[in-house]
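Data first, discussion second: the structure below is written as structure tokens.
Throughout, read-outs are computed from the coordinates displayed, never taken from laboratory work. What you are looking at is a predicted structure, and each value in this text was computed from that prediction instead of being measured. Neighbour counts are summed over all protein chains in view; Cβ atoms, including those assigned to glycine, are modelled from backbone coordinates with ideal geometry.
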């Protein structure tokens, strides 16, 4: 068989296999909903499909692995290329920590990770990607911007509250300072009054002494 015949045979074989095994066809169904524009390659492996929620206009390319035991949501218009793994639980860390005891371990396994995965509408996931448990991707830029605006408004409100509290605190400090100043003035006035009272008492004492001297020369007749 010469090279031209081999090339023609290989092309024919690839086309045949693609038609039989690799052709991606529109039309899926998820959680009771018909998805006429969703396509999933025949080579995709899906575990726990009952916990997978798909949107329409989704494309999942060849040789992807989807594990949905803890819940997996793939929003509308998501594009997943080839050789992508999406898992809603991960045991490899726990297996490394526990070793052979992993199989017989009773109770929660240390290092075990589990959680729902949510892939937002119109996200794009490139080839050879691993998405682990608990991941949440936001694909719609409008949703992301709305979240950012809300967060910025919250920060602005907090800054305004802090500014108002600072003004109130400054006013309170000013009032305390005024009260302390008034107290200091009253203390000084009291000190002056005490000094004046002491001087008056001393003067009165001296006058009383003089009066006693003057009166002492007089004697009452018997």
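What the table shows:
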| quantity | calculated |
| --- | --- |
| Debye intensity ratio I(q)/I(0), log10, the stretch 69-145, q values 0.15, 0.20, 0.26 Å⁻¹ (C-alpha model) | -0.60, -0.86, -1.16 |
| The stretch 73-160, relative contact order in percent, only Cα pairs under 8 angstrom and at least six apart counted | 36 percent |
| Over the chain - Rg/Rh using Cα atoms and the Kirkwood inverse-distance radius | 1.71 |
| 10 Å binning of all Cα-Cα separations within the stretch 10-71, expressed as whole percents from 0 upward | 22, 46, 23, 8, 1 |
| Mean residue ellipticity (222 nm) of the chain, computed from DSSP H runs ≥ 4 via -39,500 (n - 2.57), nearest 500 | -16000 deg cm²/dmol |
| Fraction of beta bridges assigned by DSSP in the stretch 1-79 that are antiparallel (%, nearest 5) | 30 percent |
| Helix 3-17 axis, angle to the chain major axis (alpha carbon atoms, nearest 10°) | 60 degrees |
| Contact order relative to length of the stretch 22-99, as percent, for alpha carbon pairs under 8 angstrom and 6 or more apart | 24 percent |
| Simple label model, 7 Å out from Cα along Cβ direction - residue 34 to residue 208, nm | 11.8 nm |
| Rg over Rh [alpha-carbon atoms, Kirkwood Rh] for the stretch 141-211 | 1.72 |
| Over the chain, relative contact order from alpha-carbon pairs under 8 Å, at least 6 apart, % | 11 percent |
| Segment residue 79-residue 12, length gained on full extension (0.36 nm per residue, minus Cα span) | 21.2 nm |
